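Here the structure is laid out as structure tokens; the discussion comes afterwards.
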Amino acid sequence: MPLKEAHRLLIALQDLDIMIKEAKDKSTSKELESLGFKLTGLEELQDARSKLAKKISPTVLQRYKKLTGRYTMAILPVTGDLCLGCFVKLPTSFFSSINRDLLQTCENCGRLLYIP
Amino acid sequence: METSKLVPFFQEKLCLFHLRSRKKMSVLQEMVRHLAEQKLISDGHFIMEMLKNRESLGSTGLGNGVAFPHGRSLAIKKLIVLFARSAGGIDFDSLDGKPTKIFFLILAPSDKGAEVYLALLSQLIGLVQKPAELKKLTEVTDYKSLIELLGG
């Protein structure tokens with residue numbers, strides 16, 4: 001099933017942030033460049049990130065920003081009944097039909113979670 | 001990683017020996033569409049956007065007729081490797097400006113470290129740097145021959 005729009009925007013933002021981080025990271029970029037890749041389009045990537053961020057609600061974006069300050073992954077999928085960030089069991093209400101499609105939060109670590 | 005250890009990454013159903021597309025974006029699209037048809041990804045459009053972003057960082061067409069489009073995403077559950085070949089070659093903005101005939105598409109989950117796909121990339125790049133192996137790769141048209149080339 002395709003991802004829900006709110007989830008897909010945040011996942012895409014996180015993917016982009018990881019790509020930017022890797023391109024900026026001396027060790028990873030050095031390794032990629034030693035393999036022959038030229039990482040010259042960092043500015044274009046940052047433009048793409050800005051455009052994408054504008055599509056996300058300021059409140060969600062603020063939460064995302066706060067979480068990325070604490071964790072590598074701000075948004076994660078749920079596996080089984082666990083938060084993949086802190087591995088704490090999620091309450092039954094998390095999986096109710098009303099909540100299923102919503103962007104939810106782990107009550108323990110605060111990460112944004114979605115049911116894939 | 002020894003060459004023979006590359007073999008498990010390649011599945012017959014993920015080899016396209018006769019790409020139909022003739023342009024960079026449509027080649028990526030053809031490969032992504034194939035992954036969606038094989039039910040390995042649920043949202044092809046999402047993966048395409050990710051690959052386009054990666055190409056904007058710098059072309060993954062490394063020259064000598066080979067490209068390594070790659071990316072990591074939470075939308076990818078496990079490492080995926082797709083091999084594709086275009087007999088005529090495609091303009092993929094490669095670093096040497098020559099047409100690209102061989103494609104190794106690598107998609108990895110983002111909740112694992114970059115080292116997962118970097119090790120694989122490194123091994124594949126090592127393989128195509130051998131002129132004899134590269135020549136054979138550009139001519140390969142079946143899975144058995146590909147696996148033999150990869151050291152199986």
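The values are calculated or read from the model by the stated rules, or taken from the named source; none is laboratory data. Note that the structure is predicted; figures quoted are calculated from it, not measured. Note that each Cβ is placed from the backbone with ideal geometry, even for glycine, and that neighbours are counted across all protein chains shown. To get the accessible areas, we keep the full protein, side chains included, count just its heavy atoms, and leave off ligands, DNA and RNA. Shrake-Rupley method; radii C 1.70, N 1.55, O 1.52, S 1.80 Å.
Between A and B, buried accessible area from a 1.4 angstrom probe totals roughly 2400 Å², ignoring ligands, DNA and RNA.
Sort all Cα-Cα distances of the range B:12-147 into consecutive 10 angstrom bins from zero, then give the percent of pairs in each bin up to the one containing the longest distance. Result, from short to long distances: 12, 46, 36, 5 percent.
Sparse packing (at most 14 other Cβ atoms within 10 Å of the Cβ) combined with a DSSP loop state is found for the following trypsin sites (Lys or Arg not before Pro) in the range A:86-116: A:ARG100.
Working note: Cα gyration tensor of the protein assembly as shown, eigenvalues times five, square-rooted, sorted largest first, giving semi-axes of 35, 20, 17 Å. Straight-line cross-link reach from B:LYS77 at under 23 Å between alpha-carbon atoms covers these lysines, not counting any fewer than eight positions away in the same chain: A:LYS4, A:LYS21, A:LYS89, B:LYS5, B:LYS13, B:LYS39, B:LYS52, B:LYS112. At the residue level, A:MET19 shows approximately 20 square angstrom of accessible surface with a 1.4 angstrom probe and all protein chains present.
Using θ = phi - 60° in the Karplus curve 6.51 cos²θ - 1.76 cosθ + 1.60, the 3J(HN,Hα) couplings for the range A:18-34 round to 5, 4, 5, 4, 5, 5, 7, 5, 4, 5, 5, 5, 5, 5, 5, 5, 5 Hz; x is entered for Gly and Pro. Remark: the B:ALA87-B:GLN29 segment gains 19.1 nm on full extension, using 0.36 nm per residue and subtracting the alpha carbon distance. To put it simply, the accessible area of the protein assembly as shown at a 1.4 Å probe is 52 percent carbon and sulfur. Note on the range A:1-74: Cα-only Rg and Dmax are 13.8, 40 Å. Quote the FRET efficiency, to the nearest 0.05, computed for B:HIS45 versus B:ALA132 with a Förster distance R0 of 51 Å and r equal to the Cβ-Cβ distance. Given R0 = 51 Å and the Cβ-Cβ separation, E is 0.85. The stretch between B:LYS5 and B:ARG22 holds 2.9 nm of extra length on full extension. This uses 0.36 nm per residue minus the Cα-Cα distance.
At a Förster radius of 51 Å, what calculated FRET efficiency corresponds to the Cβ-Cβ distance of A:GLU44 and B:LYS144, to the nearest 0.05? In this case the efficiency is close to 0.80.
The mean count of C-beta atoms from other chains within 10 Å of the C-beta of residues in A:37-48, rounded to a whole number, is 4. Taking a straight line from the alpha carbon of B:LYS135, these lysines sit under 17 Å away, with near neighbours fewer than eight places off in the same chain left out: B:LYS98, B:LYS101, B:LYS144.
Taking all protein chains together and rolling a 1.4 Å probe, A:GLU31 ends up with roughly 80 Å² accessible.
Put a plus charge on the Cβ of each Lys and Arg, a minus charge on the Cβ of each Asp and Glu, and nothing anywhere else: the dipole of the protein assembly as shown about its Cα centre is then about 380 debye. Across the options B:GLY71, B:VAL81, B:PHE46, the greatest Cα extent toward the positive end of the charge dipole of the range B:12-147 (unit charges at beta carbon of Lys, Arg, Asp, Glu) belongs to B:VAL81.
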